[in-house]
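Accompanying notes for the structure given below.
The values are calculated or read from the model by the stated rules, or taken from the named source; none is laboratory data. All of these numbers come straight from a predicted model, not from anything done at the bench. Methodologically, a virtual Cβ is constructed for each residue, glycine included, from the backbone with ideal geometry; neighbour enumeration extends over all protein chains shown.
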2 protein chains.
Amino acid sequence: MKKVTVGVDIGGTNTAIGIVDVDGNVLEKGNILTPDHGDAAKYITDLSAAINDMVSKVQKNEDISVAGIGIGAPNGNYYNGTIEHAPNLSFEGVVHFVEMLKKHFPDVEAIALTNDANAAAIGEMIYGGAKGMKNFAMFTLGTGVGSGLVVNGDLVYGSDGFAGECGHTTLVPNGRLCGCGGLGHLEAYCSAPGMKRTAFELMAKYNATDSMLADKSFNELDSKMIYDAAVAGDKIALEVFEMTGMYLGQGLADTVHHLSPEAIFLFGGPTAAGELIFKPTRENMEKHLLPVFKGKVKILPSKLDAGNAAIVGASALAWKELEK
Amino acid sequence: MKKVTVGVDIGGTNTAIGIVDVDGNVLEKGNILTPDHGDAAKYITDLSAAINDMVSKVQKNEDISVAGIGIGAPNGNYYNGTIEHAPNLSFEGVVHFVEMLKKHFPDVEAIALTNDANAAAIGEMIYGGAKGMKNFAMFTLGTGVGSGLVVNGDLVYGSDGFAGECGHTTLVPNGRLCGCGGLGHLEAYCSAPGMKRTAFELMAKYNATDSMLADKSFNELDSKMIYDAAVAGDKIALEVFEMTGMYLGQGLADTVHHLSPEAIFLFGGPTAAGELIFKPTRENMEKHLLPVFKGKVKILPSKLDAGNAAIVGASALAWKELEK
């Protein structure tokens, strides 16, 4: 009998579910639409049914047993197994998610929950480039910027279960408005929308009517278009990557001064640009570091498969629990 | 036989030594001048003799045995027991301090070394206000700004033994020159000299010829004078405290977004100003926090006795080792 874990990634529109083996192979995956299932109790009942369906499907081919379920969710609290006041989910208030899910899976040894960036960090540690690393950080760049921090081999949850929100550290006092309402946060500069905002600032600064980006509206432009323009040599697009690296490098240096990690992993859409973003990030981080840290901290692309990272990260949380 | 540890705090001019019991009581203290003892080997020999003298003195009154020696030193590396390229010490290069000291004290169970701010954090955890706390931060405000971070009950040393340099996180991009050569670091705003720099900026801004601080030269003015002027109602001095709190609050919020500590302890000269500095720090930290952290994180004065904190912190490092 092969032990597997289930990874569940809860997003505002979609919930992705995967059956994952101990090597990180996804044996089966599927999804349900998050807001189509009424309140949390009904959603958890439907989610449990979907998990059971998928397990049955796999069992037609091999004999598996579910040893754990890991859940990645916005505002997920590891300590309490709760999802608390998640702004993009239809659940209201504090949902005792793990407790409720346990009623559907009383025989499953480990059920645990955290936010998606923390789950990604654990995925990197169990299956990815951080295998064997005791101190590292993971930054996920997408619509927002998430982070997961690992110290002495364990994820940092802090006093309340919510640690690792480096996307909301302040880079620029009284700077850009962040989605959270704060000013000058890393997320407002280094997320995919942050890069678009940089592009618009630069076009305004240089009156760049000849940029390849100059015919796109604010709502049309996305980070993939900026990447394509940069590859084609567009000066504005190239400077967007330089500036994103400048901001991100400053932010990562702050994390190094806190935790002195062995490496920082970057994950998410904008990192597909490779050296266009890694090079200026690395150079600017180094510029900000104390001599004692210079040249020590690697900035690496995540080794998680982008398509499966969310469910694989959530499943890794379950494997990590089973190790304890 | 009463077990004791020895705390050694190595500074650029003075090395303070204390014999400390398990409750943090200093049974005996003394000091030697750091640069008066030639190279590291000679210094360590003389330090060992001074420790033995002090132990003999205490032994006249009670039967003690030295179970550990803890050392706080600039650029102290916990993992290797080394002092590495310390800019203010006369030792050159990498000194294998613990290894060398062990030769003088072969029967002492635990000898450990870290930097002074980390030692202070352990002191707070073992004897002070952080007893029982698993996640907290300590910031020491003085000539510089040091920090010690505790996660899951252990000090964060990072991948190389040098973690916890929050004084060198960037508050203001391209801001004030820091002692380390970097720009805009927290230390350049929130240390005692940083407060003086703020006072000079404010006098320049307001052309404040009537300030009580206006007759002091840049080299004369110190943070105690700013405190006295603030208590007497001087507007410039009061605004210095407001601005120091504004800067420090921003920096502490970044630490909260990393680690979500239960509390942050402040130690050092400027904290003697009490609410003059704590109030604006607290308010400004709250202003920068994500909703999930608001109202949760206490900012507290250190409970360590300022006169003995350095040796008591270093001795706590030894007790912490003995716990392992």
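Take the conditions (1) more than 15 Å from B:GLY251 (Cα to Cα); (2) free of Cβ contacts under 8 Å to residues at least 12 places away in the same chain; (3) crowded, with 16+ Cβ neighbours inside 10 Å; (4) within 14 Å of another protein chain (Cβ to nearest Cβ); B:LEU177 misses just one of them, which is (3).
The residues of segment A:226-249 that are out of contact with any Leu (no Cβ under 6 Å at 6 or more places or on another chain) and either touching a residue at least 60 places away in the same chain (Cβ under 8 Å) or within 11 Å of chain B (Cβ to nearest Cβ) (or both), listed by number, are A:MET246, A:LEU248, A:GLY249.
For B:GLU109, the conditions (1) touching a residue at least 60 places away in the same chain (Cβ under 8 Å); (2) within 14 Å of chain A (Cβ to nearest Cβ); (3) charged (D, E, K, R) all hold with the exception of (2). Note on segment B:101-124: residues that are of a type in the set (S, T, N, Q) and assigned to a helix (DSSP H, G or I) amount to 1.
Being within 14 Å of chain A (Cβ to nearest Cβ) and either touching a Phe, Trp or Tyr at 6+ places or on another chain (Cβ under 7 Å) or on the phi > 0 side of the Ramachandran plot (or both) is true of B:PRO261.
Scan segment A:289-319 residue by residue and report those that are part of a helix (DSSP H, G or I) and under 18 Å from A:PHE139 (Cα atoms). Selection gives A:ALA309, A:ALA310, A:ILE311, A:VAL312, A:GLY313, A:ALA314, A:ALA316, A:LEU317. The set of residues in segment A:181-225 being among the small types (Gly, Ala, Ser), at negative phi and within 14 Å of chain B (Cβ to nearest Cβ) consists of A:GLY182, A:ALA188.
One line per residue, one yes/no per condition, for (1) farther than 21 Å from B:TYR157 by Cα; (2) touching a residue at least 24 places away in the same chain (Cβ under 8 Å); (3) assigned by TED's automatic domain parsing to the domain that holds A:SER48; (4) acidic (Asp, Glu):
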site: A:ILE83; (1), (2), (3), (4): yes, yes, yes, no
site: A:ASN88; (1), (2), (3), (4): yes, yes, yes, no
site: A:GLY93; (1), (2), (3), (4): yes, no, yes, no
site: A:VAL98; (1), (2), (3), (4): yes, yes, yes, no
site: A:HIS104; (1), (2), (3), (4): yes, yes, yes, no
site: A:ILE122; (1), (2), (3), (4): no, yes, yes, no
site: A:GLY144; (1), (2), (3), (4): yes, yes, no, no
site: A:VAL151; (1), (2), (3), (4): no, yes, no, no
site: A:PHE162; (1), (2), (3), (4): yes, yes, no, no
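I'd like the residue in segment A:108-127 that is charged (D, E, K, R) and at pLDDT 95 or above and, out of all such residues, is surrounded by the most Cβ atoms within 10 Å (Cβ to Cβ). The qualifying residue surrounded by the most Cβ atoms within 10 Å (Cβ to Cβ) is A:GLU124.
Those residues that are part of a helix (DSSP H, G or I), crowded, with 17+ Cβ neighbours inside 10 Å and in contact with an Asp or Glu (Cβ under 9 Å, 6 or more places away or on another chain), I need them from segment A:48-65; list them, please. A:MET54, A:VAL55, A:VAL58, listed by residue number. Is there a residue in segment A:67-88 that is more than 13 Å from every other protein chain (Cβ to nearest Cβ), small (Gly, Ala, Ser), over 30 Å from A:LEU252 (Cα atoms) and in contact with a Lys or Arg (Cβ under 6 Å, 6 or more places away or on another chain)? Within segment A:67-88, one or more residues are more than 13 Å from every other protein chain (Cβ to nearest Cβ), small (Gly, Ala, Ser), over 30 Å from A:LEU252 (Cα atoms) and in contact with a Lys or Arg (Cβ under 6 Å, 6 or more places away or on another chain).
Restricting attention to segment B:268-300, the residues that are in contact (Cβ under 8 Å) with a residue 60 or more places away in the chain and of a type outside the set (S, T, N, Q) add up to 4.
In this structure, B:ASN61 does not qualify as at pLDDT below 95, within 20 Å of the chain's Cα centre (by Cα) and assigned by TED's automatic domain parsing to the domain that holds B:PHE97. A:THR45 meets each of the listed conditions (1) in a helix (DSSP H, G or I); (2) within 14 Å of chain B (Cβ to nearest Cβ) apart from (2). Consider segment A:141-170 and keep the residues that are more than 9 Å from chain B (Cβ to nearest Cβ), in a loop (DSSP other than H, G, I, E, B) and within 16 Å of the chain's Cα centre (by Cα). The one that is nearest to B:ALA130 (Cα to Cα) is A:GLY144. Inside segment A:128-174, residues that are surrounded by fewer than 21 Cβ atoms within 10 Å (Cβ to Cβ) and touching a Pro at 6+ places or on another chain (Cβ under 7 Å) make up a count of 2. When we screen B:GLY307, B:GLY268 for residues that are touching a Leu at 6+ places or on another chain (Cβ under 6 Å), at pLDDT below 95 and within 30 Å of B:ILE17 (Cα to Cα), the only hit is B:GLY268. Total residues in segment B:34-53 satisfying the condition of being in contact with a strand residue (DSSP E or B) (Cβ under 6 Å, 6 or more places away or on another chain), of a type in the set (A, V, I, L, M, F, W, C) and either touching a residue at least 40 places away in the same chain (Cβ under 8 Å) or farther than 21 Å from B:VAL20 by Cβ (or both): the figure is 2.
Look at A:PRO87 and say whether it is in contact with a strand residue (DSSP E or B) (Cβ under 8 Å, 6 or more places away or on another chain) and closer than 30 Å to B:ASN135 by Cβ.
No: the conditions fail for A:PRO87.
Selection within segment B:269-288: residues that are out of contact with any Phe, Trp or Tyr (no Cβ under 7 Å at 6 or more places or on another chain) and buried (at least 24 other Cβ atoms within 10 Å of the Cβ). The member of this set that is farthest from the other protein chains (Cβ to nearest Cβ) is B:PRO270. Away from chain B (no Cβ under 12 Å) and closer than 27 Å to A:VAL22 by Cα: does that describe A:TYR127? So A:TYR127 passes the test. Annotation note: of B:GLY68, B:GLY76, the sole residue that is of a type outside the set (Asp, Glu), surrounded by 18 or more Cβ atoms within 10 Å (Cβ to Cβ), within 17 Å of B:LEU322 (Cα to Cα) and in contact with a helix residue (DSSP H, G or I) (Cβ under 9 Å, 6 or more places away or on another chain) is B:GLY68.
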